[in-house]
1. Just need a number here: residues in the stretch D:474-491 that are buried (at least 22 other Cβ atoms within 10 Å of the Cβ) and over 20 Å from residue D:328 (Cα atoms).
2. Out of (1) more than 11 Å from chain A (Cβ to nearest Cβ); (2) of a type in the set (A, V, I, L, M, F, W, C); (3) over 21 Å from residue D:350 (Cα atoms), what's the single condition that is false for residue D:93?
3. For the stretch B:22-47: of the residues being surrounded by fewer than 24 Cβ atoms within 10 Å (Cβ to Cβ) and over 15 Å from the mean Cα position of the chain (by Cα), which is farthest from the other protein chains (Cβ to nearest Cβ)?
4. Looking at the stretch D:395-409, which of the residues that are in contact with a helix residue (DSSP H, G or I) (Cβ under 8 Å, 6 or more places away or on another chain) and over 17 Å from residue D:309 (Cα atoms) is surrounded by the most Cβ atoms within 10 Å (Cβ to Cβ)?
5. List pairs: first residue in the stretch D:449-470 and among the hydrophobic types (A, V, I, L, M, F, W, C), second residue surrounded by fewer than 13 Cβ atoms within 10 Å (Cβ to Cβ) and part of a helix (DSSP H, G or I) anywhere in the structure, Cβ distance under 7 angstrom, at least six positions apart or on different chains.
6. Kindly evaluate residue D:298 against the criterion of being in a helix (DSSP H, G or I), buried (at least 24 other Cβ atoms within 10 Å of the Cβ) and in contact (Cβ under 8 Å) with a residue 60 or more places away in the chain.
7. So which residues in the stretch D:63-85 are out of contact with any Leu (no Cβ under 6 Å at 6 or more places or on another chain), at the interface with another protein chain (Cβ under 9 Å from one of its Cβ atoms) and closer than 22 Å to residue A:180 by Cα, if there are any at all?
Amino acid sequence: MKKVLVILLLATMGYYIAGSYFDIGFGQPHFVQGVKPVKDIYLAKTVKPLTVSNAVTSIVVNFRGFDTLGEVTVLFLAVTVLGSLLYKKRHAVGERSVLFSASSIVTSGSKLLFPAIILLGAYVFIHGHLSPGGGFQGGVIIASGFLLMLLAYENYSVSHTALSVVESLAGITFAGVGLLGFMHGGTFLQNFLPVGVLNNLFSGGVIPIIYIAVGFKVGAELTGVIYTVLHEKGQSNG
Amino acid sequence: MIYFILISLLLLLMIAASVYSIAQKDLLYATMATGIISLILSILYYLLQAPDVALTEAAIGVALTTIIFVITIRNTVRMEDETDKKEKFKSAVK
Amino acid sequence: MDSTLFSYLDYAVYGTAVLVMLIGFYGAMVKKSLLKIVIGLSVIDSGLNLLIVAIGYYKGGTAPIFSQGFIDNFKTVSKMTDPVPQALVLTAIVIGFGVTAVALALVIRLYRHHGTLNIDEIKDLKW
Amino acid sequence: MVGTPVLFIAIPLMAAFLIPLLGMIWKELVRIVPGLVLTYLLILAINLLNHVLVHGPIVEVIAGWVPPIGINLVFNAFSGFLVTLMIFLGLLVWVYSYRFKRNVDYEPALKYFLMLMMLITGSVGIVLTGDIFNMFVFIEITSISAYGLTAFYKGRNSAEASFKYVMMGSIASTFLLLAIMIIYAQLGTLNMADIASKIHLMDPKLKIVSYIFFVVALGIEAEIFPLNGWAPDAYAEAPGPVGAAFAGIVVKAAVYAIIRYTYTIFDLSGSFSFLILIGMITLIIAETAAIRQEKLKRMLAYSSIGQMGLVLVAFGFGTKEGVFAALFLMLNHAIIKSLLFFSGSYLTYNSTEKKISEVNGMSKYLPITSLLFALGAFAIVGLPPFAGFWSKLAVLTAAADSNMILIMVLVLMVSVVELVYYLRVVNRVYFFKKEAAVKPQKPTFNGLIVMLVLGAIILLIGFYPDAVTGMLHKATNSLMDKGQYIQNVLSLK
């Protein structure tokens, strides 16, 4: 009975959602006649005056940088909430749920791969304004490097203090750069550095700086998430 | 033509994986299916000319979300239908 | 030839995205296991993200990344896919991950208290 | 210029990132810094509100891109009034929790105050922002903090309540994104003022669908009837001060968002009667549910849902009187319901079940708290010398002006129901014999101060409503004047 009701509800919902999006149309210009969409302005301004190659980066970090600040905060809050939800008194901390006992191939392989993964992550977020990728992607790659080590070595531990220091400093850098822009140009997150030449590493003003901060922050936060969940031991699987 | 077949195949696979992830009683396999959905999604994003999103989805959807699900399953129960498990817990509490 | 195939794709991509969302909704609303509900929510997110990225796509468009050639003839800008939905999806994916992590932590907490993930066994969780 | 709206977001975020570092130096800083931040923001908000009431709205541009390119924040009389109210309540919640959380370890205390501060920041962001996707981000910030705060106590049911909330919240964000993308795909912009100036170009069918999706998504946060399943549990399981924060801050932000969409962005003709309809249903169902509750906090939660229904009805009149009445109701509800949550959580402090029967005879042991609870109960029902009377009167006048006699009658009947269930509790507090098992808990100094401040405000508004009506009229005008809003934002160079 409940299933039938749910299916009916979903069918109605699906009809309206799918109907609306079919009306919009796929792969063709869908904006209403007489409207000048902001994406054209974004694309034009990405090259000049921002001199950033990757338009997505320029939108995420500069045009809509405020969203990104909020998004980083959401991750920061998620770590906080996880810590609050899974909080235990001191003596219980330290037990680790082990997914599998790793063989020597895995452990030595991880040791080899770990620096390479960290390097890749750093490359991705340093070149965020030139090529696909950026702070989020690079941060996630770094976090997955730590994940590999946590899985391979049973007693591998990441200093909680170090994580929160990195996280806080990166967050302060982001907000601080924003406030510097405020002092310099009168608006929050405004660019106040020379923009350089397109397709150079040192171009785009504050955009690479912010994206590097985001990379560190996301990396530290996601590592924190994995670390917190991994140190949560269920009652019955003792 | 290749493009068309590839996209159709990926879309079909994605529907199949999502049905599987909801229908499967073994939560570990269901989680793997969500990982496969993310993998297909990241290829689709690449085909839809969104490399940034593809990279993010590949890193977050395939790796991190799946691993968090797996850790949670490890800490709770593996089967959706958990009758025998529950009995064990109750007797342990009593 | 190509145009008919593409008109099929018009419906295929959106249709699949909506279908995947509905499957996720079904899982979240009908299933009894808490973990299955969270899986359902993450499936909804997948469908939604595909839907949003598909809005930004233009047939024959290129990725919104400028190389030297693009700057030389600036008219090609209009041939790029729309970067705005991509930027929004980037935000949505990360936020979705945060919410999923919180939900899973709650699942662990509930399991610790009740020893089960079945919502019928957990007293107040009926709606 | 005394300050700028972006500080409302930047300062708390900066502080939130700093607090874990400061905690390493001196643990008490974790409790103090959020209070300092909120105090500063309150001063800033009052200054800016004074400025805005005289000189007109402030539109703040972010990253140097004028709308519609960049994101902008709008601080006008309407949003400024709500921001000031929210930060004021947030500060009171902080003062109240400062001692309340004394017995908690360092780590949970750090997390509690961080989440509380971000809850307030997110709500303030929802009210200030002028961009629909930015609003989504702030809604997520608010919701994630709310999930964490709901499950803060390690009780058996708090995680369940929070899980319910997470589920509803995820569905809400799905609908919100669907609606945002429909609008973007049609109009190519995400800026509210820009959308409002172009909305007539949109396909009418898509317009209706996206409006419905917006109302569904925000209705989950604003506790509108079929979508409010999470609310009573969350209120009942969250720590006492957090209940006050939900009722006073989060719900206000969500209602603001619905109103912004209805009044400024969309130009649908049926949307006002739609608001009246859902408001009326919410009001009736919630008040009849409240009378059947056995737990005090659940009863307060249902009463809160009912009040939100009344606010939507008042907004649904679509007239100046209606908006004025709704704003007055929001102000009163924020203050009175916070007082009820604060005093109610001391009345049932040591009982495990938090049942209404456990408040029996508390007046002998907690005279001031009981008196303040009674004051709040009479005020929210709308008895004459207190604050609630004027707002209910304003609703009835607005209904009479729009010739909606049926709604007047229904509102009066619902008030009688409200009177019955509040009197039941007050009666128990004063005239029943105390149950032996329940130990009364003396309120802390901070808690007492907060409750006395709220009580004083209720009496002040009750005897001298002119203290706030001037500001409310200006807020009303700034909400009703859609053209002015669009012009203010889009004329920036």
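The values are calculated or read from the model by the stated rules, or taken from the named source; none is laboratory data. Fair warning: this is a prediction, and the values are worked out from it, not measured in the lab. Cβ sites come from the backbone with ideal geometry, for glycine too, and all protein chains shown count toward neighbours.
1. Qualifying residue count, the stretch D:474-491: 2.
2. Of the numbered conditions (1) more than 11 Å from chain A (Cβ to nearest Cβ); (2) of a type in the set (A, V, I, L, M, F, W, C); (3) over 21 Å from residue D:350 (Cα atoms), the odd one out for residue D:93 is (3).
3. Looking at residues that are surrounded by fewer than 24 Cβ atoms within 10 Å (Cβ to Cβ) and over 15 Å from the mean Cα position of the chain (by Cα), I get B:43.
4. D:402
5. D:460/D:467; D:461/D:467
6. Working: in a helix (DSSP H, G or I): yes; buried (at least 24 other Cβ atoms within 10 Å of the Cβ): no; in contact (Cβ under 8 Å) with a residue 60 or more places away in the chain: yes.
In short, no.
7. D:64, D:65, D:69, D:70, D:71
Residue-wise test of (1) farther than 16 Å from residue B:57 by Cβ; (2) within 9 Å of chain B (Cβ to nearest Cβ).
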position	(1), (2)
C:10	yes, no
C:25	yes, no
C:31	yes, yes
C:36	yes, yes
C:43	no, yes
C:46	no, yes
C:51	no, no
